[in-house]
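The values are calculated or read from the model by the stated rules, or taken from the named source; none is laboratory data. Predicted model only: the values in this text are computed from it and were never measured. Glycine gets a Cβ as well: all are built from the backbone with ideal geometry, and neighbour counts include every protein chain shown. Quick note on the areas: whole protein, heavy atoms, side chains included, nothing else; ligands and nucleic acids left out. Shrake-Rupley method; radii C 1.70, N 1.55, O 1.52, S 1.80 Å.
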Amino acid sequence: MSKNKEVILSVKELKKHFDVGGGQIVKAVDGVSFDIYRGETLGLVGESGCGKSTIGRTLIRLYNPTSGSVTFKGVNVNDLKGPELKKFNREMQMIFQDPYASLNPRMNVLDIIAEGIDIHGLATGEERRKRVVELLETVGLNADHAERFPHEFSGGQRQRIGIARALAVEPDFIIADEPISALDVSIQAQVVNLMRRLQKEKGLTYLFIAHDLSMVKYISDRVGVMYLGSMVELADSDALYDEPLHPYTEALLSAVPIPDPEVAKTRERIILEGDVPSPINPPSGCRFRTRCPKAMDICATAVPEWKEAKPNHFVACHLYNE
Ligand code: SF4
């Protein structure tokens, strides 16, 4: 995905802090910047609590940013009001981690999928039903499923219903927040393949949030790595996986199972010491320094700059200072 592609979403210095009482502030997202190009999939990875889901929720306005901006199709999403906001609510959709919790158990599948169609007045009566059946077929289900309730489906089928619901309003941009984490491994690939097919057919752009690095590589054009509220590395998928620059990315990748035993033998497993520090009181300088096997004196005092170390390959680490 080249820089000449159209930027559909631009995030600049985004911060989202939560006041948790007692004068304590959780810095869940603390100054993150990136662009997403139309038609690509940007994967966002990192351990739980690193801020990746908070970013997703701030992009779609479930949270207001503490500072910084989110620009979608050239407009700051926090300035949107009235009809423009309604249009944005159609254009950007979200698929959630737990397909069961995100589907209303008292509604049948027809009404769950048609909710967006109703809100946006896209169809009524027989046309409404026809659209829902088409959507069910698009995601590999069928008309017989329309009258059933969420508890009658498997996890994989429920995630297909979640995808159909997102597609019902014909979005351009989908935030998929850990969409396969709750599914059996055998079903994960099916859902990811479905998402890839839909992307091709409908020209969708995805932000794919996950901690499973192997699946992220499979679906993503580019991947961003988050640690403790900051982005530490961003590159094309192949470059990030073949030549990671940041010590945290190296450690994450060293834990990914390699199917080829010969290749696996050559890869050293990097075990990170200690737990992720609290986002209430992150370490000075580089936030990763308390666990970094390559930390130097400067890492405790200076925040590493976000820089393009190689073409289209960004990293925040003092190892790459000139
Ligand atoms: Fe490690 Fe220092 Fe780089 Fe941080 S800046 S990742 S502590 S080497």
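Computed quantities for the displayed model
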read-out: Net lengthening on full extension, VAL185/GLU250 (0.36 nm per residue, minus Cα-Cα); value: 21.0 nm
read-out: Alpha-carbon centroids, region 258-322 and region 173-251: separation in whole Å; value: 19 Å
read-out: Trypsin sites (Lys or Arg not before Pro) restricted to DSSP loop in region 260-322 with at most 14 other C-beta within 10 Å; value: ARG267, ARG269, LYS294
read-out: Prolate/oblate/rounded call for region 249-322, Cα gyration tensor, a/c under 1.5 rounded; value: oblate
read-out: Stretchable slack from ALA143 to HIS211, in nm (0.36 nm times residue separation minus alpha-carbon distance); value: 21.1 nm
read-out: Sparsely packed GluC sites (Glu not before Pro) within region 52-150, loop by DSSP, other Cβ within 10 Å at most 13; value: GLU147
read-out: Per DSSP, loop trypsin sites (Lys or Arg not before Pro) in region 19-113 with at most 15 further Cβ within 10 Å; value: LYS81, ARG106
read-out: Estimated [θ] at 222 nm from DSSP helical runs (n ≥ 4, -39500 (n - 2.57)) normalised by residues in the chain, nearest 500; value: -9500 deg cm²/dmol
read-out: Equivalent ellipsoid semi-axes - Cα gyration tensor, region 111-158, angstrom; value: 20, 11, 9
read-out: Computed FRET value (nearest 0.05) for LEU122 with ILE298, which takes r as the C-beta separation and R₀ as 41 Å; value: 0.15
read-out: Rounded to whole Å, sorted largest first: equivalent-ellipsoid semi-axes of region 7-243, Cα gyration tensor; value: 29, 21, 17
read-out: Label-point separation in nm, ILE280 to HIS151, each point 7 Å along Cα→Cβ; value: 3.9 nm
read-out: Kirkwood-based shape ratio for region 128-197, expressed as Rg/Rh from alpha carbons; value: 0.94
read-out: Over region 170-320: Kirkwood hydrodynamic radius from C-alpha pairwise inverse distances, Å; value: 17.1 Å
read-out: Student exercise, the chain dipole from Lys, Arg, Asp, Glu Cβ charges, in Debye to nearest 20; value: 560 debye
read-out: Computed lengthening from ASP79 to ALA309, 0.36 nm per intervening residue step minus Cα-Cα distance; value: 79.4 nm
read-out: Accessible surface of region 227-322, 1.4 Å probe, proportion on carbon and sulfur as whole %; value: 53 percent
read-out: Mean projected area (nm²) of the alpha-carbon convex hull when region 90-213 is viewed from all directions; value: 7.0 nm²
read-out: Efficiency of FRET between SER69 and PHE18 - r from beta-carbon atoms, R0 25 angstrom, step 0.05; value: 0.85
read-out: FRET efficiency estimate (nearest 0.05) - Cβ-Cβ, ILE258 to GLU115, R0 35 angstrom; value: 0.25
